[in-house]
Structure formats: structure tokens, C-alpha cells
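What follows is calculated from the coordinates using simple rules that are stated; it is not laboratory data. What you see is a predicted model, and the numbers here were worked out from it, not measured in a lab. Backbone-built Cβ (ideal geometry, glycine too); neighbour counts: all protein chains shown.
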Amino acid sequence: MLHDAIIIGGSYSGMAAALQLARARRQVLIVDAGQRRNRFTEHSHGFLTQDGAPPGAIAERAREQLLRYPTVTWIEGTVTAAALARDGFEVKLEAGERHGGRRLVLATGVADELPELPGLRERWGTSVFLCPYCDGYELAQGHLGVLATGEFWFHQAMLIPEWGRTTLFTNGIHHPNAEQRTALAARGVSIEETPVLAVVGRRARMELEDGRSIPLMGLFLVPRTRLASEVADGLGCALEQGPMGAFIRTDARKQTSVPGVFACGDASRAAGSVSLAVGDGAMAGTAVHQSLVFG
């Protein structure tokens with residue numbers, strides 16, 4: 001069977017794209033590997049009508065609603081490759097199956113790559129966070145930390161005091177210049193330059209190299225990201241470099257540099273959230289449909 005569109009990735013953006021196509025009565029195949037980026041967190045915030053809901057519950061309800069449309073097919077699996085075919089595209093799954101589609105939507109997401117610091121990974125999404133708009137309010141204006149990583153640490157350190165008293169941990173690697181120190185002081189940010197050995201405790205207590213221990217309500221950092229799938233690279237889609245890592249370049253209608261291939265969600269943005277992913281997917285889905293109509 002030749003589908004009108006194959007969507008690789010069944011998280012928020014992929015389902016939002018599929019919904020637009022399903023409502024146009026188009027044949028849609030979704031292939032989902034089951035690796036939502038926010039699967040580590042207990043609650044999702046900032047998404048209208050769903051503020052505070054478990055992210056898994058949001059995704060499951062969306063899936064249930066989507067599968068009520070008879071033109072939608074869902075496969076749990078991993079796409080290992082995609083290529084141009086006579087009538088559009090062919091995707092190959094890890095299990096060996098092959099499926100064809102006239103259009104392709106990459107909603108494959110990204111994977112976060114955390115610094116190699118003991119205790120970070122175990123607390124990711126529960127007391128160690130990326131997005132203050134998603135998780136800052138619930139920390140009740142407690143003592144917060146920012147771990148300096150990559151090039152975005154200064155921006156984050158300036159932002160976090162909106163949600164509580166803030167300490168910047170330079171970890172002995174990143175050193176604020178005089179102008180940055182003045183700006184941070186004006187925001188009430190304390191600077192701790194002793195290297196961090198580990199993050200421990202129920203929340204995020206910082207164990208320092210000199211033996212001190214600083215308890216926090218929550219810790220923020222900006223991780224590096226990588227595309228969670230190599231399909232875009234295999235198709236030859238152009239990429240852009242953001243402050244966190246590479247993402248798929250798209251135009252305003254979410255089409256990539258490869259005709260007939262669209263991308264949405266975190267894989268096609270420098271940064272994202274559930275709300276932005278859903279909006280991205282809706283745009284991609286309508287654009288795919290209109291490309292099928294108008295060519």
C-alpha cells in the first residue's frame with residue numbers, strides 16, 4: 001500500500017501532523033520508536049488545557065483520539081533508513097519491513113547528552129532540568145542552581161533568578177568575564193567556581209571538590225543534543241547548528257531541503273517544548289496535505 005504520508009516519530013509533533021492529514025481523509029502511516037524526549041519527567045507544564053498532566057497521559061490520549069480516524073495506521077518500530085522511490089519514498093524498519101509513502105515527515109526528535117557528572121542522569125527530569133518555563137514554577141522560589149555547560153550557560157544563569165535565588169556553578173571550566181560578572185551580580189546570582197564532584201540527595205545537592213555541600217531545590221543546565229535518528233542525514237537533509245546541537249533546516253512551511261520531506265518538533269528547532277512541538281506538527285501536517293493537492 002502506498003500511503004499519502006509516512007510520519008517517522010509518534011510523539012507530540014508527529015501526532016499533530018498526522019491529525020491534520022487524517023482530518024483530510026489521507027492515508028497516514030506513523031512509525032514510532034516509543035522514545036519521547038520528556039519520558040523522564042512526571043508532569044508537563046505550560047501546555048494549555050494540560051498544565052500539570054503526566055506527559056505519558058497526554059501522549060496516550062492523543063494517540064487514542066488519532067487512531068479513531070480510519071485512515072491512520074500505527075506501527076511500533078524503528079525506521080533505520082529512508083530513500084527516494086518511484087512514487088515518493090520508501091522507509092525500512094529495523095524488523096525488515098518496508099513501506100512506501102508519497103510524502104515523508106520527520107518527527108524524530110532529539111536525544112539529550114548530559115555532562116559526565118555523577119548523579120545528573122538519575123535526576124534528569126525530576127530535579128535536574130533544562131527549561132524553567134516547564135519546571136521552574138514548581139520549585140517554589142527555592143535555592144536553584146545553574147551548571148555551566150556549553151555556550152548557553154550565561155543566558156540561562158541570567159534567566160533562572162525569576163524562579164528563585166540562584167547560584168551559578170562554573171565547575172572550574174567556564175569563567176565569567178568582568179561584564180558577565182557585573183550582569184550576574186545585578187540579577188543576584190552567586191558564582192561558585194569550585195568544581196562539582198557529584199549531584200546527590202533527594203533533590204539536587206551539589207558536592208564540591210573542597211568538601212562543601214550546597215543543597216538546592218533544583219538544578220538547571222543546557223545539555224548538548226543530537227538528532228535521535230540518522231534518517232535525515234541519510235536523505236541528505238540540510239542541517240543547522242544551534243546552541244545545543246544540530247537540527248533539521250526547514251522553511252516556514254516545515255519542508256526540508258529535500259522536496260517532499262518535511263520535519264517538525266524538536267528535530268527541526270533550536271529548542272522546543274510540548275506546545276511548540278504540537279504547533280510545528282500542525283503546520284507540517286497542513287503543509288503536507290496542501291503539497292499533495294497542489295504539487
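Normalised by the number of residues in the stretch 115-220, what is the relative contact order in percent for Cα pairs under 8 Å and 6+ residues apart?
Relative contact order for the stretch 115-220 comes out at 33 percent.
What does the charge count around residue 88 come to, taking other residues whose C-beta lies under 11 Å from its C-beta (Lys +1, Arg +1, Asp -1, Glu -1)? Result for the neighbourhood of residue 88: 0.
The slack in the chain from residue 60 to residue 35, taken as 0.36 nm per residue of separation less the alpha-carbon distance, amounts to 7.7 nm.
Charge tally for residue 193 (other residues, Cβ to Cβ under 14 Å; Lys, Arg +1; Asp, Glu -1): -1. Database note for the chain: Cys without another Cys beta carbon under 4.7 angstrom, 237, 264.
In this Cβ point-charge picture (+1 for Lys and Arg, -1 for Asp and Glu), the chain has a dipole of about 800 debye about its Cα centre. Work the Kirkwood hydrodynamic radius out for the stretch 115-220: mean of 1/r over every pair of different alpha-carbon atoms, inverted, in Å. For the stretch 115-220, the Kirkwood estimate is 13.6 Å.
Proximity of backbone amide H atoms, modeled 1.01 Å from N, is registered between residue 244 and no other residue at under 5 Å, excluding neighbours fewer than 5 places apart on the same chain. Across the stretch 232-243, computed HN-Hα scalar couplings (Karplus, 6.51 cos²θ - 1.76 cosθ + 1.60, θ = phi - 60°) run 4, 5, x, 7, x, 5, 5, 10, 10, 9, x, x Hz from first to last residue, x flagging Gly and Pro. Extension gain for the segment residue 249 to residue 202, taken as residue separation times 0.36 nm less the Cα-Cα distance, is 12.9 nm to one decimal.
Note that the stretch 172-182 has calculated 3J(HN,Hα) couplings of x, 10, 9, 10, x, 7, 4, 5, 5, 4, 5 Hz, one per residue in order, obtained from phi through the Karplus relation 6.51 cos²θ - 1.76 cosθ + 1.60 (θ = phi - 60°); glycine and proline are x. Computing FRET efficiency as 1/(1 + (r/R0)^6) for residue 193 and residue 53, where r is the C-beta to C-beta distance and R0 is 41 Å, gives about 0.55.
A compact globular protein would have a Cα radius of gyration near 2.2 N^0.38 Å; the ratio found for the chain is 1.10.
Simple spin-label estimate for residue 230 and residue 74 gives 2.9 nm between the two label positions (7 Å along the Cα-to-Cβ direction from each Cα).
Value of Rg to Rh for the stretch 1-91, rounded to two decimals, is 1.01; Kirkwood radius and Rg both from alpha-carbon coordinates. As a ratio to 2.2 N^0.38 Å, the alpha-carbon radius of gyration for the stretch 150-295 is 1.39.
Quick one: 233, 210, fewest Cβ neighbours within 10 Å first, how do they rank?
210, 233
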